[in-house]
Amino acid sequence: DTAEQPPQQKSKLANVVILATGGTIAGAGASTANSATYQAAKVGVDKLIAGVPELATLANVRGEQVLQIASESITNENLLQLGKRVAELADSPDVDGIVITHGTDTLEETAYFLNLVEKTEKPIVVVGSMRPGTAMSADGMLNLYNAVAVASNPESKGKGVLVTMNDEIQSGRDVSKMINIKTEAFKSPWGALGMVVEGKSYWFRLPAKRHTQNSEFDIRQISSLPQVDIAYAYGNVNDTAYKALAQSGAKAIIHAGTGNGSVSSKVVPALQALRKDGVQIIRSSHVNAGGFVLRNAEQPDDKYDWVVAHDLNPQKARILAMVGLTKTNDSKELQRMFWEY
Ligand SMILES: NC(=O)C[C@H](N)C(=O)O
């Protein structure tokens, strides 16, 4: 059983492709003391790979530069381009696993998107770093080493898209960037799936939601994503943003609500009117440690024909809404998807 052996004793190495998209893991600062002030997306994939020679003990690794951007600037077109390339590679018999290096700001969105649309059991691991490679105690090298270790391990198959940050193996569905100044930045409200230590994975739990192989969505059948936007709730909020987003063409609006996705009484009439005009209203929550929005609690969703995002934070709810809307504009179907994915 190769899984029990240290990586360097594996007789036949897996083939892992690293798709680089930019981010801080490819960032560079002016001095080693610059851990937070630097330029993202500077270093190319070949240099990233050359920077961690130990990868060669884990897998036959090759790189491709898909994008070179800071992840806050990722577009829907970028997501589709990346997703389609992942699908092509996953189809290829000589690829065993795929690693995607990515900025951390929207890493949770890309990981969830791929988790929904990639029809493969092969490991797909998304990884980033909180400090550029030029900084003292840079975290990118180890995160990348761990990503390749997980992507090359047959035990990682069929577990959905994974994220390796800070020695943890997280579900791409659940994980979220919770703080932007620590290397312990990525957390799931429901806990990590496992740990990766010295190149070996230790698993503790499995995702319960539908993903990848078991998903009804397929990147090969998606040619564009509809406009879905997010409006942030707070005390004294008014309906200006909601109306403007709908005016600009949003097919669904994610309400980044307070608490249990609650909606200010000043905003309720506008959301009712927008729904009547055909815009989907999806109640999520912006509480920090993870929201949990219940249907018909706080607001009568059945009566207003609104959808609740369950435990998906607003940015993840946006991803599922976009993907779901490529199949249906029926609010009940969308609600089913929000329970199942
Ligand atoms: N740590 C990071 O990667 C942050 C960077 N702004 C990015 O998302 O590309």
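The values are calculated or read from the model by the stated rules, or taken from the named source; none is laboratory data. Everything quoted here is computed from the prediction, not taken from an experiment. Neighbour counts are summed over all protein chains in view; Cβ atoms, including those assigned to glycine, are modelled from backbone coordinates with ideal geometry. Note: accessible area is taken over every heavy atom of the protein model, side chains too, but ligands, DNA and RNA are not part of it. Shrake-Rupley method; radii C 1.70, N 1.55, O 1.52, S 1.80 Å.
The one condition from (1) among the hydroxyl-bearing types (Ser, Thr, Tyr); (2) within 17 Å of ASN180 (Cα to Cα); (3) within 11 Å of the ligand (Cβ to nearest atom) that THR37 does not meet is (3).
Restricting the range 75-97 to residues that are open to solvent by less than 20 Å² (accessible area, probe 1.4 Å) and not in a helix (DSSP H, G or I), the residue that is farthest from the ligand (Cβ to nearest atom) is VAL95. Of the candidates ALA192, ALA208, the single residue that is at pLDDT 95 or above, touching a strand residue (DSSP E or B) at 6+ places or on another chain (Cβ under 6 Å) and within 22 Å of LYS316 (Cβ to Cβ) is ALA192.
Of VAL237, VAL268, which residue is closer than 18 Å to ASP305 by Cα and either surrounded by fewer than 17 Cβ atoms within 10 Å (Cβ to Cβ) or touching a residue at least 12 places away in the same chain (Cβ under 8 Å) (or both)?
Answer to the selection: VAL268.
Going residue by residue through the range 275-288, is there one that turns out to be surrounded by fewer than 17 Cβ atoms within 10 Å (Cβ to Cβ) and touching a residue at least 60 places away in the same chain (Cβ under 8 Å)? Yes, some residue in the range 275-288 is surrounded by fewer than 17 Cβ atoms within 10 Å (Cβ to Cβ) and touching a residue at least 60 places away in the same chain (Cβ under 8 Å).
Considering only residues in the range 313-335 that are open to solvent by 60 Å² or more (accessible area, probe 1.4 Å) and free of Cβ contacts under 8 Å to residues at least 12 places away in the same chain, the one that is nearest to the chain's Cα centre (by Cα) turns out to be GLU333. Would you please name the residue that is nearest to MET337 (Cα to Cα), looking only at residues in the range 300-322 that are in a loop (DSSP other than H, G, I, E, B) and of a type in the set (A, V, I, L, M, F, W, C)? Checking each candidate, the answer is ALA309.
If the condition is being away from the ligand (no atom under 13 Å from the Cβ), farther than 20 Å from GLN65 by Cα and not hydrophobic (A, V, I, L, M, F, W, C), then the range 12-33 contributes LYS12, SER31, THR32.
Inspect all residues belonging to the range 114-126 and state whether any of them is more than 16 Å from the chain's Cα centre (by Cα) and in a helix (DSSP H, G or I). No, the range 114-126 contains no residue that is more than 16 Å from the chain's Cα centre (by Cα) and in a helix (DSSP H, G or I).
Looking at GLU340, GLU298, just one residue is of a type in the set (D, E, K, R), within 21 Å of ALA111 (Cα to Cα) and open to solvent by 10 Å² or more (accessible area, probe 1.4 Å), and that residue is GLU340. Here THR110, THR164, THR134, THR183 are screened, and the one residue that is β-branched (Val, Ile, Thr) and under 17 Å from ASN313 (Cβ atoms) is THR110.
Say we look at the range 52-73 and pick out the residues that are within 16 Å of the ligand (Cβ to nearest atom) and either outside any strand (DSSP E or B) or modelled with pLDDT under 95 (or both); which of these is least open to solvent (accessible area, probe 1.4 Å)? I'd like the intermediate steps shown before the answer.
In the first step, residues of the range 52-73 are kept if they are within 16 Å of the ligand (Cβ to nearest atom); the result is 65-73.
Remaining after also requiring either outside any strand (DSSP E or B) or modelled with pLDDT under 95 (or both): 70-73.
Numbers: ALA70: 26, SER71: 5, GLU72: 116, SER73: 72 Å².
Per the criteria, the residue is SER71.
For the range 268-286, the count of residues that are over 26 Å from LEU114 (Cβ atoms), of a type outside the set (Ser, Thr, Tyr) and within 24 Å of the chain's Cα centre (by Cα) is at least one.
Selection of the range 98-116 for residues being more than 10 Å from the ligand (Cβ to nearest atom) and open to solvent by 10 Å² or more (accessible area, probe 1.4 Å) yields only GLU109.
Per the conditions (1) within 13 Å of the ligand (Cβ to nearest atom); (2) under 20 Å from GLY83 (Cβ atoms), the sole criterion not satisfied by LEU162 is (1). Within the range 240-257, being surrounded by fewer than 21 Cβ atoms within 10 Å (Cβ to Cβ) and of a type in the set (A, V, I, L, M, F, W, C) holds for ALA241, ALA244, LEU245.
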